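Structure record follows, encoded as structure tokens.
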Amino acid sequence: MIATVAGLVSLSPLQAQVIPVYLDETKPVEQRIDDALSRMTLEEKIAVIHAQSKFSSPGVKRLGFPDFWTDDGPHGVRPDVLWDEWEQAGQSNDSCVAFPALTCLAATWNPGMARLYGENLGEEALYRDKDMILGPGVNIYRTPLGGRNFEYMGEDPWLASRMVVPYIQGLQSKGVAACVKHYALNNDEEYRHQVNVVVSDRALHEIYLPAFKAAVTEAGTWGIMGAYNLYKNQHNCHNDIMLNQILKRDWQYDGVVVSDWGGCHDTDEAITNGLDMEFGSWTDGLTMGKTNAYDLYYMADAYKQRIKEGKYTTRELDDKVRRVLRLFFRTTMNRQKPFGFLCSESHYEAALRIAQEGIVLLKNEGNLLPLTSHLSPLKILVVGENAIKMMTVGGGSSSLKVQREILPLDGIRERFKDCEVDFARGYVGDTVQSYNGVTVGRSLYETRSAAELTAEAVEKARQADVIIFFGGLNKSDHQDCEGHDRQEFGLPYGQDQLIEALVKANPRLVYVNISGNAVAMPWLAKVPAVVQGWFIGSESGEALASVLSGDVNPSGKLPFTWHQNLGDCGAHALNTYPGTWREDYKIIDEEYKEGIYVGYRWTDKQKIKPLFAFGHGLSYTTFKLGKLSADKAQMTVDDRMTFTINVTNTGQLAGAETVQLYISDKVASVDRPVKELKAFQKVFLQPGESRDVTLTIGRDALSFYDEATHAWVAEPGTFEALVGTASDQLTAKCSFELK
Ligand code: BGC
């Protein structure tokens, strides 16, 4: 007999003895996989390795495996689209909580926040019956023009690694698979399907792969998504080096490789080069309604045909199916899964906490912030479109349909009830009223000219005690948005001129930058307070108001270097972006000529002073670091070494400081960065409280990737540990030897 999952419940003890192995939960999973595999027909095997709708793939009905559902990712659970079209399904139960964008999560420098993020998102996904969330993203921030940087975790491989692991563990603890994306080298969006990245092995392994490796080897991610771009002339969704060699052989990955939507281009490569599940191939709208379009997938009929013709055995197919079955047992067939909740208060609380911890106070001259330290009632003038614009909508596949999004202006009005809060639009950016069928709550329609809007804002600014300007970028095309990159480093929509006019009228201006990327700030010297407000989701307005008011003491630190000019960034200094088209205009080669010198590694080498350094972030309190000590003076390669430093909160407010440890290799046989982040810890301290922070490193912190031997090498010699509160504030030092 074939016991179905549903039927299992009513089996008598006698019948239970004939439970097939694959359904027997007392048996090891690998044995259950073998058994299931041995029962599957060729048709069933082919079916589970490709999509059947925009976001689902079939299970094996005959054996009781349910359909498998994916969904974006990574900031909340995307609203349902129609079975076979991109249009909204129009559900009334798919409004979600939007968590802060991953750049903000990285800015918390708190792995605990990443765990919280994953767990809460997992509960939302469970409620929505999603088995896999398409995220998180860990592509390295290589250029501030990168359209999807907001979905990633900054420029540093160590920071991104420490943050991605707990996100995945939290999500998967709910029985929902993570699908880490976009593997790999998808560091900008322009021509993303045609870019062939040319990068040294060293930069690949030291900069671009570590976060993926941590996701696989430490977090044990169940899914990974191939990137659209090419590496060594092969698309990353079926790239022999990336998938067969590095991911599956070297990292021993046992999960599935999912194609990015439409990222699969060739049946033979897909068969042999490590792709396991094909999604989105005919989702460009051109083949709408085409009969059996899913059978036309590269890994559908074409694959079956090749097996029937004898071109392939089922060796590759069985490996793919085995992985898919493993995924099923981890998700759809996992009976220990907890219950899901949608939009529960605990999810909003998590979103709020993460947002509050990720907001970065970049500048605070004369302690203009927090605003409650001034006489109240204040006359506050809020300026800027970003104070009234929903940011959970837009930006590409991460766009959400939220149950609520507290806008900055509303958050300020609520928090500063005792004050007079006025608003001036100031500038017009993107007034689009709906995105992917999701309507933006508030009308942004405006008929006044730029001059009229500026005049109004300036006039009101003269009457105000303080101006809070909410500007920056948004989620529309060529801003922080999938598919393209930004076209300029400067602020769009004439914001620079507006800011200049406002500070002239009233210098007490707080500039809150809403973006996932750095922007040029030519007016910085004239603006006393600057806050990086990211895209922080449902609780945006409340989180921002709590930091501006001082209810929450800011503790975020930049996960990337904030350059003064675009040319201060390696990729642009060396003119490598966006690449060079080949003669046939089909492929554009983008050579990462700066090699390992990405972000602060580049500015350190070139001795360029950034506007704000990697790891920078101020607080309303002050901290003092004591002397740095190490538990030994020499380290051997199999050893670990622990550094201790005392941190004291010397101010009047409770707050958090992030102690950062960078390693500098004094003499090496290869060129090495001036310093590299290798450990950090965030510590929360009451006023006057002091604590010893310990930071431990291993041999990996001293190693570089040797291109000749394809191995990590730690060369004996002198190293220096540099400890401080930002990459440009490393006040404590200590030398040690590697034996
Ligand atoms: C994006 C992915 C996303 C997928 C499904 C693609 O265009 O690159 O990140 O998960 O669409 O929406």
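Computed quantities for the displayed model
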quantity: Pair list, Cβ < 8 Å and 6+ apart or interchain, from the range 177-193 residues that are in contact (Cβ under 8 Å) with a residue 12 or more places away in the chain and farther than 16 Å from Gly220 by Cα to residues that are in a strand (DSSP E or B) and near the ligand (Cβ under 8 Å from one of its atoms); calculated: His182/Gly137; His182/Met225
quantity: Residues located in the range 462-471, provided they are open to solvent by less than 20 Å² (accessible area, probe 1.4 Å) and touching a Leu at 6+ places or on another chain (Cβ under 7 Å); calculated: Ala464, Val466, Ile467, Ile468, Phe469, Gly471
quantity: Sole residue being open to solvent by 10 Å² or more (accessible area, probe 1.4 Å) and modelled with pLDDT under 95, chosen from Thr622, Thr644, Thr636, Thr580; calculated: Thr636
quantity: Single residue of the range 172-201 satisfying the filter (over 14 Å from the mean Cα position of the chain (by Cα) and within 27 Å of Ala350 (Cβ to Cβ)) that is farthest from the ligand (Cβ to nearest atom); calculated: Ser173
quantity: Residue check, Thr431 in a loop (DSSP other than H, G, I, E, B), away from the ligand (no atom under 16 Å from the Cβ) and either over 25 Å from the mean Cα position of the chain (by Cα) or buried (at least 19 other Cβ atoms within 10 Å of the Cβ) (or both); calculated: yes
quantity: Any hit, the range 449-461, residues being open to solvent by 10 Å² or more (accessible area, probe 1.4 Å), within 16 Å of the ligand (Cβ to nearest atom) and out of contact with any strand residue (DSSP E or B) (no Cβ under 7 Å at 6 or more places or on another chain); calculated: no
quantity: Residue satisfying condition, being modelled with pLDDT of 95 or more, of a type in the set (Gly, Ala, Ser) and open to solvent by less than 10 Å² (accessible area, probe 1.4 Å), within set Gly340, Gly395; calculated: Gly395
quantity: Of residues in the range 268-293 being among the hydroxyl-bearing types (Ser, Thr, Tyr) and away from the ligand (no atom under 16 Å from the Cβ), the one modelled with the lowest pLDDT; calculated: Thr287
quantity: Filtered residues of the range 251-266 (kept if closer than 16 Å to Asn233 by Cα and either within 23 Å of the chain's Cα centre (by Cα) or buried (at least 17 other Cβ atoms within 10 Å of the Cβ) (or both)); calculated: Gly263, Cys264, His265
quantity: Single residue of Thr725, Thr731 found to be open to solvent by 50 Å² or more (accessible area, probe 1.4 Å) and farther than 25 Å from Val199 by Cα; calculated: Thr731
quantity: Evaluation of Met40 against (1) more than 12 Å from the ligand (Cβ to nearest atom); (2) farther than 26 Å from Ile19 by Cα; (3) of a type in the set (A, V, I, L, M) (one fails), failing number; calculated: (2)
quantity: Subset of the range 411-428 that is in a helix (DSSP H, G or I) and buried (at least 20 other Cβ atoms within 10 Å of the Cβ) - its residue that is nearest to the ligand (Cβ to nearest atom); calculated: Gly411
quantity: Single match in Ser53, Ser12 (criterion: modelled with pLDDT under 95 and either of a type outside the set (Gly, Ala, Ser) or closer than 25 Å to Phe279 by Cβ (or both)); calculated: Ser53
quantity: Breaking point among (1) part of a strand (DSSP E or B); (2) within 16 Å of the ligand (Cβ to nearest atom), for Asp480; calculated: (1)
quantity: Of residues in the range 29-69 being assigned to a loop (DSSP other than H, G, I, E, B) and among the aliphatic types (A, V, I, L, M), the one farthest from Asp301 (Cα to Cα); calculated: Met40
quantity: Condition check for Ala529: surrounded by fewer than 20 Cβ atoms within 10 Å (Cβ to Cβ), of a type outside the set (Ser, Thr, Tyr) and either touching a Leu at 6+ places or on another chain (Cβ under 9 Å) or at pLDDT 95 or above (or both); calculated: no
quantity: Counted residues, the range 314-337 - those being part of a helix (DSSP H, G or I) and open to solvent by less than 30 Å² (accessible area, probe 1.4 Å); calculated: 10
quantity: Residue check for Phe684: assigned to a strand (DSSP E or B), open to solvent by 70 Å² or more (accessible area, probe 1.4 Å) and touching a Gly at 6+ places or on another chain (Cβ under 9 Å); calculated: yes
quantity: Looking only at the range 353-392, and only at residues there that are in a helix (DSSP H, G or I) and among the polar types (S, T, N, Q), the one that is surrounded by the most Cβ atoms within 10 Å (Cβ to Cβ); calculated: Asn386
quantity: Search result, residues across the range 129-147 that are within 16 Å of the ligand (Cβ to nearest atom) and in contact with a strand residue (DSSP E or B) (Cβ under 7 Å, 6 or more places away or on another chain); calculated: Lys130, Asp131, Met132, Ile133, Leu134, Gly135, Pro136, Gly137, Val138, Asn139
quantity: Residue within the range 281-292 that is touching a residue at least 12 places away in the same chain (Cβ under 8 Å), polar (S, T, N, Q), closer than 24 Å to Ser56 by Cβ and assigned to a helix (DSSP H, G or I) present; calculated: no
quantity: Yes/no for Arg442 being part of a loop (DSSP other than H, G, I, E, B), away from the ligand (no atom under 16 Å from the Cβ) and without any contact (Cβ under 8 Å) to a residue 60 or more places away in the chain; calculated: yes
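The values are calculated or read from the model by the stated rules, or taken from the named source; none is laboratory data. Fair warning: this is a prediction, and the values are worked out from it, not measured in the lab. Positions of Cβ are generated from backbone atoms using ideal geometry, with glycine treated the same way; all protein chains shown enter the neighbour counts. Note: accessible area is taken over every heavy atom of the protein model, side chains too, but ligands, DNA and RNA are not part of it. Shrake-Rupley method; radii C 1.70, N 1.55, O 1.52, S 1.80 Å.
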